[in-house]
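For reference, the structure discussed in these notes is given below.
The values are calculated or read from the model by the stated rules, or taken from the named source; none is laboratory data. Keep in mind the model is a prediction, meaning the values are calculated, not measured. Ideal geometry is used to build each Cβ from the backbone, glycine not excepted, and the neighbour counts take in all protein chains shown.
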Amino acid sequence: MSQDAFRLTSPDGKSLDLPIHRGTCGPDVIDVATLYREQGVFTYDPGFVSTGSCSSDITFIDGEKGILMYRGYPVEQLAEHSSFIEVSYLLLHGELPTAEQLAAFDRTIRTHTMLNEGMLRFFNGFRYDAHPMAMLSAVVGSMSAYYHDTTNAEDPEHRDIFSHRILAKLPTIAAAAYKLNIGQPFMYPRNDLNYCENLLHMFFAVPAEPYEIDPIAAEALDLLFILHADHEQNCSTSTVRMAGSSGANPYSAIAAGIAALWGPAHGGANEAVLSMLEEIGHAKNIGKYIEKAKDKNDPFRLMGFGHRVYKNFDPRATIIREMCHKVLAKLGRKDTPLFDLALELEQVALNDDYFKQKNLYPNVDFYSGIIYRALGIPTSMFTVMFAIGRSVGWTAHWREMISDPKGKIARPRQLYTGSPPRDYVDIAQRK
Ligand code: CMC
C-alpha cells in the first residue's frame, strides 16, 4: 500500500494530515485512526456507507461497473470454468490449486462430511416446524462444544481443520434440519459423491428407494454456490469478522454470521422474493405492487431489487438469470408461470422512473429462489442454501482477520444522543 495524505482542517484552524492508502483496485481510503487522538472527534457513518472496516485481499466489487472478482478472477470466468470446490480453495488459499492440490482438497472435504452422532441428536430437541436457519445457527454454534480441541486460532493447522469442517459439514447440518422439517429419516452423507450431488442425496433420497441425482440440478447448485461464495464486507461477513475479532472461537463467529444472513435485507431476500411473487400472483397485479414499493408510507419493498454496492447491475444476477432458463426448461415446468411473472415484474420495474432514478436493479436473490424452487428446495431452506455457499467466504475472511498482525478487537464508537447527566430520583418522588 503506497501512502499520500488528506489534509483535514478543523473549525478552529488546526490541520491534520491523514494518510491515504491505495488498494490495487477501487477507491482510496483515508486512514482516520489518529483522528480522535489528534482532534477529539469521531467519524460518523451509520450503515458504513463510506467506511472501509479493514483491508482485504479476498474479493473486489466495483458497484458502478458491475464487477465482482474473487482473488482477482472475474466471477463470470469462475462461473463458466470452475467448480465450487475449486473456488473454495481459491478463496481460502489465495491461488487456484494445481490438479494435485485440488484432488487433495476435494478428498479432505468429502471425508469430513459426517457429524458427531451426539450433534445429530440435537435435532430431536427442535420442534418439527423450527425454521432451518434457527437450527443451522444453533448447531453450527454448538460445533465448538464438539471440536474444542482444534479451535486455537493461533495454530495454522487448527485453522485449516476448522475451515474444512465448516465447508464439509454445513450441507449435512442443513439436510438434517430439512429432514426434521418434513419428518423423513436423516440420510447419511455419501463420500463417493461430489459436494452438490451429496447435498442433493442428503436432501432428497429416502432409505426406501433408489434416488437418481439429476446432473442439471447438481450443476445449478454448484453455480449458485460459486456466485454466493463471497461478497467482501457484507453484513454477515462483517459480523463474522467482528465476532471473531474478540478471539471468540471460529464456530461461534460463523454462527453469528448465519444469524446476520437470515435478515430479509440480506440473505433472507431470496425467501422474501418467492413470497412476494406468490402474493402478486398474476401479471395484472404488478402495477399495484410497483406503486406500493414506491410509496414512502408503505413498508413494502420490491424484494430482490436494489443493492448497497451495485448501482448499475449485479453481475451474479446476469449469470443466474441464464441458469434459470436452463433449469426451468429441464426441471421446472410447473414453476414457469412464476418465472414468467418474475421476468414481467423485472421489465416493468426496469422501465419505471423511480427504479431507474434510484438505480434499483434485480440482484442475485431475485432469481436464485426460482432455481431453488425448481430443484424442489422449499422456500424456508433458501437462506440456508445461501449460507452453505457463503460459509467459505466467511471462513476466508475469519482466517484473514485472525492472521492480520495489525488486527484489533472491532469496537466502533458512537454519537451519543441520550440524556445529559442527571441525578438519580428516588422512586417515591418520580412522576
Ligand atoms: N424497493 C423499493 N424501493 C427501494 C428498494 C426496493 N427494493 N431498495 C431501495 N429502495 C429505495 C429506498 O427506499 C431509498 O429511497 P429514498 O432515497 O427515497 O429514501 C433508496 O432506494 C435507496 O435505498 P436504501 O435503502 O437507502 O439503500 P441501502 O443500500 O441501504 O439498501 C438494500 C440496500 C439491498 C437493503 C435495499 O435495496 C433493499 O431492501 N432491497 C430489497 C431486499 C433485497 O433484495 N436484499 C438482497 C440484497 S442482495 C443479497 C445480499 O447481498 O445480501
Original post:
Across the range 178-191, which residue is surrounded by the fewest Cβ atoms within 10 Å (Cβ to Cβ) among those that are in contact (Cβ under 8 Å) with a residue 40 or more places away in the chain and in a loop (DSSP other than H, G, I, E, B)?
Top reply: G183
Subject >> Among (1) within 24 Å of L90 (Cβ to Cβ); (2) among the β-branched types (V, I, T); (3) touching a residue at least 40 places away in the same chain (Cβ under 8 Å), the one test that I280 misses >> reply: (1)
Original post:
in a loop (DSSP other than H, G, I, E, B), modelled with pLDDT under 95, of a type in the set (G, A, S) and away from the ligand (no atom under 16 Å from the Cβ) - does that describe any residue in the range 38-45?
Top reply: yes
Subject >> Number of the exception - N312 against (1) within 11 Å of the ligand (Cβ to nearest atom); (2) not in a helix (DSSP H, G or I) >> reply: (1)
Subject >> Residue selected from the range 130-155 under the condition within 20 Å of T111 (Cα to Cα) and free of Cβ contacts under 8 Å to residues at least 60 places away in the same chain, by the criterion nearest to the chain's Cα centre (by Cα) >> reply: V139
Original post:
Here is a list of conditions, (1) more than 18 Å from H307 (Cβ to Cβ); (2) touching a Phe, Trp or Tyr at 6+ places or on another chain (Cβ under 9 Å); (3) within 14 Å of the ligand (Cβ to nearest atom), and P250 meets all of them except one; can you say which number that is?
Top reply: (3)
Subject >> Residue selected from the range 294-308 under the condition more than 6 Å from the ligand (Cβ to nearest atom) and without any contact (Cβ under 8 Å) to a residue 12 or more places away in the chain, by the criterion nearest to F366 (Cα to Cα) >> reply: F300
Subject >> Members of the range 244-254 found to be more than 13 Å from T395 (Cβ to Cβ) and part of a helix (DSSP H, G or I), listed by number >> reply: S245, S252
**OP:** Consider F84 carefully, then state whether it is away from the ligand (no atom under 16 Å from the Cβ) and surrounded by 12 or more Cβ atoms within 10 Å (Cβ to Cβ).
**Re:** yes
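Each row is one residue, and each column tells you yes or no for (1) among the aliphatic types (A, V, I, L, M); (2) out of contact with any Pro (no Cβ under 9 Å at 6 or more places or on another chain); (3) within 13 Å of the ligand (Cβ to nearest atom).
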| site | (1), (2), (3) |
| --- | --- |
| M323 | yes, yes, no |
| K326 | no, yes, no |
| A329 | yes, yes, no |
| E344 | no, yes, no |
| S368 | no, yes, yes |
| L375 | yes, yes, no |
Subject >> Number of positions in the range 294-308 that are buried (at least 21 other Cβ atoms within 10 Å of the Cβ) and outside any loop (DSSP other than H, G, I, E, B) >> reply: 1
**OP:** Working carefully through the options G267, G287, find the one that is under 28 Å from T51 (Cβ atoms) and either within 24 Å of the chain's Cα centre (by Cα) or not in a loop (DSSP other than H, G, I, E, B) (or both).
**Re:** G267
Original post:
Checking G244 against (1) touching a Leu at 6+ places or on another chain (Cβ under 7 Å); (2) more than 14 Å from the ligand (Cβ to nearest atom); (3) within 22 Å of T59 (Cα to Cα); (4) of a type outside the set (D, E, K, R), which single condition isn't satisfied?
Top reply: (1)
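Do we find that A220 is more than 12 Å from the ligand (Cβ to nearest atom) and at pLDDT 95 or above in this structure?
On the way: more than 12 Å from the ligand (Cβ to nearest atom): yes; at pLDDT 95 or above: no.
For A220, the condition - more than 12 Å from the ligand (Cβ to nearest atom) and at pLDDT 95 or above - is not met.
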**OP:** Give just the number: which of (1) in a helix (DSSP H, G or I); (2) out of contact with any Cys (no Cβ under 9 Å at 6 or more places or on another chain); (3) without any contact (Cβ under 8 Å) to a residue 24 or more places away in the chain does I226 not satisfy?
**Re:** (3)
Subject >> Subset of the range 383-430 that is within 12 Å of the chain's Cα centre (by Cα) and either among the small types (G, A, S) or farther than 30 Å from E154 by Cβ (or both) - its residue that is surrounded by the fewest Cβ atoms within 10 Å (Cβ to Cβ) >> reply: G389
